[in-house]
1. Which of the residues spanning region 85-109 are more than 17 Å from LEU18 (Cβ to Cβ) and open to solvent by 50 Å² or more (accessible area, probe 1.4 Å)?
2. Pick from region 110-151 the residues that are more than 16 Å from ASN186 (Cβ to Cβ) and either among the basic types (Lys, Arg) or not assigned by the TED database to the domain that holds VAL178 (or both): which of them is most open to solvent (accessible area, probe 1.4 Å)?
3. Any chance region 277-293 includes a residue that's modelled with pLDDT under 70, open to solvent by 40 Å² or more (accessible area, probe 1.4 Å) and either small (Gly, Ala, Ser) or assigned by the TED database to the domain that holds LYS234 (or both)?
4. Do we find that LYS249 is open to solvent by 20 Å² or more (accessible area, probe 1.4 Å), out of contact with any Cys (no Cβ under 8 Å at 6 or more places or on another chain) and under 25 Å from GLU81 (Cα atoms) in this structure?
5. Every residue in region 429-454 that is under 26 Å from VAL515 (Cα atoms) and charged (D, E, K, R), please.
6. Would you check if LEU38 is at negative phi, open to solvent by less than 10 Å² (accessible area, probe 1.4 Å) and modelled with pLDDT of 85 or more?
7. Could you list all residues from region 488-535 that are more than 23 Å from LYS468 (Cα to Cα) and charged (D, E, K, R)?
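The values are calculated or read from the model by the stated rules, or taken from the named source; none is laboratory data. Since this is a predicted model, take the numbers as computed values, not measurements. Cβ sites come from the backbone with ideal geometry, for glycine too, and all protein chains shown count toward neighbours. Note: accessible area is taken over every heavy atom of the protein model, side chains too, but ligands, DNA and RNA are not part of it. Shrake-Rupley method; radii C 1.70, N 1.55, O 1.52, S 1.80 Å.
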Amino acid sequence: MDLRAELLKSIWYAFTALDVEKSGKVSKSQLKVLSHNLYTVLCIPHDPVALEEHFRDDDDGPVSSQGYMPYLNKYILDKVEEGAFVKENFDELCWTLTAKKNYKPDRNGNSVVSHQDAFKLWCLFNFLSEDKYPLVMVPDEVEYLLKKICTAMNVELNSCELDDYLSQEPQGQGGLTVWQFLDMVNSGRFLRGIEQEAISMAVEEVYQEVIEDGYLWKKGQLRRNWSERWFMLKPSVLSYYMSEERKEKKGNIALDKHCCVEVLPDRDGKRCMFCVKTSSRTYEMSASDTRQRQEWTLAIQTAIRLQAEGKKSLHKDLKQKRREQREQREQRKAAKEEETQRLKQLQEEKERKLQELELLKEAQRQAEILLQEEEQRRRQQHEEMQRTLEIQLREAEQARASMQAEMVLKEAEAERQRKRILELEDMQERLQEALQQEVKARQDEEAVRYAQARLLAEEEEKLKELMKLKEEQEEYIIKTQREKQVLKQEMENKNKCLEEAQKQLEEVRVNRQRVDQDVMAAQRKLRQASTNVKHWNVQMNRLMHPIGPGDKRTNVSGGVFSGYQPLLSRRDSSLK
């Protein structure tokens, strides 16, 4: 059912509602107002002057539906663009016109469904009704719609009671009109004991499932924030709006055979997430619960599949299949009736031929003699065939015995393969344990290396301080040539600093010895590191070789700095 057929169904209700006298004709003034309203809700630009001119009063009188159809097709339906208008507003216009005249709810307010739910049931009726006028819904579709509503409320429909109700209606077997259907629902015969709120929620759920729209949270592309949007699923596009009024359209997601739908894990504070991947972009969305996510993903996947198959909509496709099944049932029923009639004719023919058979009994006796001879011949052929089959059976038994022997060999081979697999699995476990031990050894080696590096860094810092003290000592030696008394006092202070430095070096040496014991425990794993340490020790011994004060002035070194020689010797031995 295309868009034109859907619109014509609703317009037919509006036209018949304006036909007050039920003559099949409507006055031009009413058609002018109807056409203007259709232009407005369908968002079709028009010329009001031309509209007035076309429907001006003259002597022609009212216009029938056949007379209004050329104008409706040429100026309205041919100009309709799918997606350019809100179909719900169009349906509400036609419902408002027809409900005032035809819908008669309980005046005491005891109706099972509200006015808004009646409008949604009217829309569902139009979707499921037959494509011929006056519009009716066949009993199979009535049962299908009621089952959908009852399933949404977790209630089981009594099919026997529905069949009784349809059989009591004068036109129940051929189908129900929308007003008969609404009266049946409002009677409460099939929905007794259920609150109106539960029925309203079920009607809304079925309406959204068939119309395929609802609220979802969508993640933005630029600012990456989450916004709630009203989504509407069509055969080839998923549109989303600011709200369910669909006044401000925010964008479209084109659906083709290259698109896919994937379920995403919960993140960013959102749950029940899924995404629609197109060839150009990935759209992330979040549903209110798991059931809604499953319904949306299934509906979008079905729309993509139907688009690839060249079909329009899942529910339209299911409706067409149900219609084809009904036609097949009717064809089978007609064929069965035809077969019954043919059997009756055959029975009459049989009775006529029985009389003829009486005349043929003599010929039959002769034929029996021939049959006996033929039976004897067939019996001989049967015995010969039986002997042939016995020979083939013995050959098959021999082939089966050889196959069993081959199966025994295959089973032995399979047993050897299973043992080999177990041995390989055991070897894999041992390799895993060896690998874990190697990893642990490497970790221990890294820890020892780290401790040794830290001690080397501390030792290097102490050496730097010692070098600095030596430089200052040399400066003081030069100054003693001019100021002996001042230098002597300063040298005493430096001696104290050197003694403190010596103490610190002693402490470092003790720490170094303690670490060396740990190094000895991991010496096998640290051979390369030990080579590097020896190399650095050689470089440090060369750099830290003590310079005797007597190299410049013998008297001064012999008198004042003679106490430094043992200190430097001890320091050198500790460094080694």
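1. LYS87, ASN89, LYS104, PRO105, ASP106, ARG107, ASN108, GLY109
2. LYS132
3. Step one: of region 277-293, the residues modelled with pLDDT under 70 are none.
No - not one qualifying residue is present in region 277-293.
4. Values: open to solvent by 20 Å² or more (accessible area, probe 1.4 Å): yes; out of contact with any Cys (no Cβ under 8 Å at 6 or more places or on another chain): yes; under 25 Å from GLU81 (Cα atoms): yes.
In short, yes.
5. Narrowing region 429-454 to residues under 26 Å from VAL515 (Cα atoms): 437-454.
Within region 429-454, GLU438, LYS440, ARG442, ASP444, GLU445, GLU446, ARG449, ARG454 meet the criteria.
6. Details: at negative phi: yes; open to solvent by less than 10 Å² (accessible area, probe 1.4 Å): yes; modelled with pLDDT of 85 or more: yes.
Answer is yes for this residue.
7. ARG514, ASP516, ASP518, ARG524, LYS525, ARG527, LYS534, listed by residue number.
Conditions (1) exposed (fewer than 11 other Cβ atoms within 10 Å of the Cβ); (2) over 30 Å from LEU233 (Cα atoms); (3) among the hydrophobic types (A, V, I, L, M, F, W, C), marked per residue:
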{"position": "GLU21", "(1), (2), (3)": "yes, yes, no"}
{"position": "LEU31", "(1), (2), (3)": "no, yes, yes"}
{"position": "PRO48", "(1), (2), (3)": "yes, yes, no"}
{"position": "PHE55", "(1), (2), (3)": "no, yes, yes"}
{"position": "PRO62", "(1), (2), (3)": "no, yes, no"}
{"position": "PRO70", "(1), (2), (3)": "yes, yes, no"}
{"position": "ASP78", "(1), (2), (3)": "yes, no, no"}
